[in-house]
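The values are calculated or read from the model by the stated rules, or taken from the named source; none is laboratory data. Since we're looking at a predicted model, the values are computed, not measured. Glycine also receives a Cβ, built like all others from the backbone with ideal geometry; neighbour counts cover every protein chain displayed.
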Amino acid sequence: MTPTFSSGWLAVREPEDARARSTALAEALASQVHGAPIIAHDLGSGTGSMMRWLAPMLPGPQSWHLHDRDARLLRRVAGAPRPVDDDGSVVSVSTHVGALDDLGPEDLRGASLITASALLDVLTEDELRAVVSRCVAASAPVLFALTVTGDVAVTPADPLDDDLRAAFNAHQQRAHAGVPLLGPTAVDRARALFDRAGWEVRVADTPWRLGGHAPRLLAEWLAGWTDAAVEQGPQLQSAAAGYRARRTAQARAGALSVDVHHRDLMAWPR
Ligand SMILES: C[S@@+](CC[C@H](N)C(=O)[O-])C[C@H]1O[C@@H](n2cnc3c(N)ncnc32)[C@H](O)[C@@H]1O
């Protein structure tokens, strides 16, 4: 079964995603984009969080094409307010349901830029290869934001942190239909594929810094992190229940902070 994502989870993470993504790489991307209108393709778009973040940093007119295999998430795009460009004009948006490895050469033809956010770690090696080869064929600069690195720093430290982190990271690379997901290896794999194509690559660290300012995201992240670790290592179940109770009490007291590390990758043809 392929992983699915609820619109509720995507909405809860959107403000911290926006804070975390690299504006330096977004500016570098903007400097590579010439001509009008800007034709932007967002891969694994969900409800359009990446577009809402990036569109206001780019000049208009802009035409965004959102690609996702989850039609439920794409339907939410129609009901959401349209983002605006850097001049305050509304951008145009279309949605396309389908798997990314089924994108044909025509689908990205004429792209000015290609983006993704929180996507690479949930792809398989074959899906990533297909995505990179389509981007290379389109010859448009790409910005792939917020790929997990597997590093999580929880403060204060707890004796169970390391076991849960190891089980969660193994869960991230679990097999779907017999094929493992890339999980924390995804940025290095993407970098290697763009290097091999002769493209320039820049990477930036873009951690979530969770604490009292984002109590709901912190609570949902903690639940998801421990549940996934227990699914991977059922022997952790009772210890993880105690861990979650301790961490929840610390969060309620404003005494818990978590850094969840990600990296953004920008690549462009030389
Ligand atoms: C973690 S969500 C991120 C969504 C959105 N980019 C955001 O930041 O809110 C990953 C998204 O990628 C989509 N996705 C994952 N693998 C895909 C594939 N092979 N083809 C098409 N969409 C895919 C999922 O349906 C989901 O919407």
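What number goes with the only condition from (1) within 14 Å of the ligand (Cβ to nearest atom); (2) more than 13 Å from the chain's Cα centre (by Cα) that Ile39 does not pass?
For Ile39, the exception is condition (1).
Kindly indicate the residue of the stretch 74-88 that is touching a Pro at 6+ places or on another chain (Cβ under 8 Å) and exposed (fewer than 14 other Cβ atoms within 10 Å of the Cβ) and also nearest to Asp42 (Cα to Cα) among those meeting that condition.
Here is the first cut: in the stretch 74-88, the ones touching a Pro at 6+ places or on another chain (Cβ under 8 Å) are 83-87.
From what is left, the residues that are exposed (fewer than 14 other Cβ atoms within 10 Å of the Cβ) are 86-87.
Values: Asp86: 18, Asp87: 21 Å.
Result: Asp86.
Any idea which of (1) hydrophobic (A, V, I, L, M, F, W, C); (2) crowded, with 19+ Cβ neighbours inside 10 Å; (3) free of Cβ contacts under 8 Å to residues at least 60 places away in the same chain is the one Ala267 doesn't satisfy?
Among (1) hydrophobic (A, V, I, L, M, F, W, C); (2) crowded, with 19+ Cβ neighbours inside 10 Å; (3) free of Cβ contacts under 8 Å to residues at least 60 places away in the same chain, the lone unmet condition for Ala267 is (3).
Would a scan of the stretch 193-211 turn up a residue that is more than 30 Å from Arg134 (Cα to Cα) and small (Gly, Ala, Ser)?
The first filter runs over the stretch 193-211 and keeps only residues more than 30 Å from Arg134 (Cα to Cα), leaving 209-211.
Subsequent filtering for residues that are small (Gly, Ala, Ser) retains 211.
So far as the stretch 193-211 goes, yes, one or more of its residues are more than 30 Å from Arg134 (Cα to Cα) and small (Gly, Ala, Ser).
Could you pull out the residue among Val203, Val179 that is exposed (fewer than 15 other Cβ atoms within 10 Å of the Cβ), in contact with a strand residue (DSSP E or B) (Cβ under 9 Å, 6 or more places away or on another chain) and touching a residue at least 40 places away in the same chain (Cβ under 8 Å)? Before the answer, list the steps.
On the way: Val203 fails: exposed (fewer than 15 other Cβ atoms within 10 Å of the Cβ).
The match here is Val179.
Residue check: is Val131 assigned to a strand (DSSP E or B), touching a residue at least 40 places away in the same chain (Cβ under 8 Å), hydrophobic (A, V, I, L, M, F, W, C) and surrounded by 15 or more Cβ atoms within 10 Å (Cβ to Cβ)? Full working, then the answer.
Details: assigned to a strand (DSSP E or B): no; touching a residue at least 40 places away in the same chain (Cβ under 8 Å): yes; hydrophobic (A, V, I, L, M, F, W, C): yes; surrounded by 15 or more Cβ atoms within 10 Å (Cβ to Cβ): yes.
Against the criterion (assigned to a strand (DSSP E or B), touching a residue at least 40 places away in the same chain (Cβ under 8 Å), hydrophobic (A, V, I, L, M, F, W, C) and surrounded by 15 or more Cβ atoms within 10 Å (Cβ to Cβ)), Val131 does not qualify.
Among the residues of the stretch 3-25, write down those that are acidic (Asp, Glu) and within 8 Å of the ligand (Cβ to nearest atom).
Quick first cut of the stretch 3-25, residues acidic (Asp, Glu) only: 14, 16-17.
Glu14, Asp17 - these are the residues of the stretch 3-25 that are acidic (Asp, Glu) and within 8 Å of the ligand (Cβ to nearest atom).
Please count how many residues of the stretch 1-47 are within 23 Å of Leu100 (Cβ to Cβ) and assigned to a loop (DSSP other than H, G, I, E, B).
Residues that pass the stated criteria total 13.
Among the residues of the stretch 147-165, is any under 18 Å from Asp107 (Cβ atoms), within 14 Å of the ligand (Cβ to nearest atom) and within 14 Å of the chain's Cα centre (by Cα)? If you could, list the steps in order and put the result at the bottom.
Here is the first cut: in the stretch 147-165, the ones under 18 Å from Asp107 (Cβ atoms) are none.
Checking the stretch 147-165: not a single residue is under 18 Å from Asp107 (Cβ atoms), within 14 Å of the ligand (Cβ to nearest atom) and within 14 Å of the chain's Cα centre (by Cα).
Would you please name the residue that is nearest to Ser45 (Cα to Cα), looking only at residues in the stretch 128-161 that are among the charged types (D, E, K, R) and at pLDDT 95 or above?
Looking only at the stretch 128-161, we keep the residues that are among the charged types (D, E, K, R), and these are 129, 134, 151, 158, 161.
Right, trim to at pLDDT 95 or above and you get 129, 134, 158, 161.
Numbers: Arg129: 18, Arg134: 16, Asp158: 35, Asp161: 32 Å.
My answer is Arg134.
Give just the number: which of (1) more than 16 Å from the ligand (Cβ to nearest atom); (2) under 28 Å from Pro15 (Cα atoms); (3) small (Gly, Ala, Ser) does Ala138 not satisfy?
Against the list (1) more than 16 Å from the ligand (Cβ to nearest atom); (2) under 28 Å from Pro15 (Cα atoms); (3) small (Gly, Ala, Ser), Ala138 comes up short only on (2).
What's the total number of residues in the stretch 212-260 that are outside any helix (DSSP H, G or I), of a type in the set (A, V, I, L, M, F, W, C) and over 20 Å from the mean Cα position of the chain (by Cα)?
Just the residues of the stretch 212-260 that are outside any helix (DSSP H, G or I), to begin with: 212-214, 233, 253-260.
Now restrict to residues that are of a type in the set (A, V, I, L, M, F, W, C): 214, 253, 255-256, 258, 260.
Next cut, over 20 Å from the mean Cα position of the chain (by Cα) only: 253, 255-256.
Final tally of qualifying residues: 3.
Does Glu200 satisfy being over 17 Å from the mean Cα position of the chain (by Cα) and at negative phi?
On the way: over 17 Å from the mean Cα position of the chain (by Cα): yes; at negative phi: yes.
Here the answer is yes, as Glu200 does meet what is asked.
Taking Ala28 and the conditions (1) of a type outside the set (Lys, Arg); (2) more than 11 Å from the ligand (Cβ to nearest atom); (3) surrounded by fewer than 13 Cβ atoms within 10 Å (Cβ to Cβ), which numbered condition does it fall short on, given that it satisfies the others?
Status for Ala28: all satisfied but (3).
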